[in-house]
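The values are calculated or read from the model by the stated rules, or taken from the named source; none is laboratory data. Predicted model only: the values in this text are computed from it and were never measured. Note that we place each Cβ from the backbone using ideal geometry, even for glycine, and neighbour counts take in every protein chain shown.
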Amino acid sequence: MKTLRLAPLLLFMTVQQSLSRISNEDSGRRGCEKGWIKREGRCYLFSRNRRSFPDGVNFCTENGGSLLEVENKEEENWVNFQCLIRGYSGGVWIGIVDISHNGTFLAVSTQNEPSYKNWGPGEPSRHLNQEHCGFIWVHTNQWNDAGCGRPEHIVCKQ
């Protein structure tokens, strides 16, 4: 008999927990502006058009963010998945640049070497000393360097 009386209470508690979780997720989504996607306390904006690296930096700044700087493999995998479901091909610019043209890529925001890196084999190559901006190949989910004027997709982060 006591079991039967507990069942409605357990059901009520389960529903309350679920509603609370949904409410928290909704309020988290409201933390990002329209068009941005929330993930682990950060907001991401995926461009529809390809742009050069400098135009990508400007696009992100104009939209209240900065060009994606990848913090870890989990974030990189999530971003790559988002790019794939949007039908991106080619690459996505990331916020690293070889400012001194010496092969040392630094984060745009801090001017420090990124703590996480995922360069593809033989990269960065600085081919003909003309590749000074970093991007992620969507099909391999590895980093490469390219000329900064090359049009690629943009991911902004807040």
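What number of residues within segment 136-147 are surrounded by fewer than 21 Cβ atoms within 10 Å (Cβ to Cβ) and in contact (Cβ under 8 Å) with a residue 60 or more places away in the chain?
Looking only at that region, the number is 1.
A quick yes/no check of all residues on (1) modelled with pLDDT under 95; (2) outside the structural domain of residue 151 (by TED's automatic domain parsing); (3) closer than 30 Å to residue 142 by Cβ; (4) aliphatic (A, V, I, L, M):
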residue	(1), (2), (3), (4)
3	yes, yes, no, no
10	yes, yes, no, yes
20	yes, yes, no, no
25	yes, yes, no, no
54	no, no, yes, no
67	no, no, yes, yes
70	no, no, yes, yes
78	no, no, yes, no
84	no, no, yes, yes
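Return yes when residue 103 is surrounded by 12 or more Cβ atoms within 10 Å (Cβ to Cβ), in contact with a Lys or Arg (Cβ under 7 Å, 6 or more places away or on another chain) and more than 18 Å from residue 155 (Cα to Cα) and no when it is not.
Numbers: surrounded by 12 or more Cβ atoms within 10 Å (Cβ to Cβ): yes; in contact with a Lys or Arg (Cβ under 7 Å, 6 or more places away or on another chain): yes; more than 18 Å from residue 155 (Cα to Cα): yes.
Here the answer is yes, as residue 103 does meet what is asked.
Quick one: count up the residues across segment 55-96 that are crowded, with 22+ Cβ neighbours inside 10 Å, hydrophobic (A, V, I, L, M, F, W, C) and not in a loop (DSSP other than H, G, I, E, B).
7
Enumerate the pairs (first residue in segment 74-101 and on the phi > 0 side of the Ramachandran plot; second residue anywhere and at pLDDT 95 or above) with beta-carbon separation below 7 Å, excluding pairs fewer than 6 apart on the same chain, so at least 6 apart or on different chains.
Partner pairs satisfying both residue conditions: 90/138; 90/152; 101/132.
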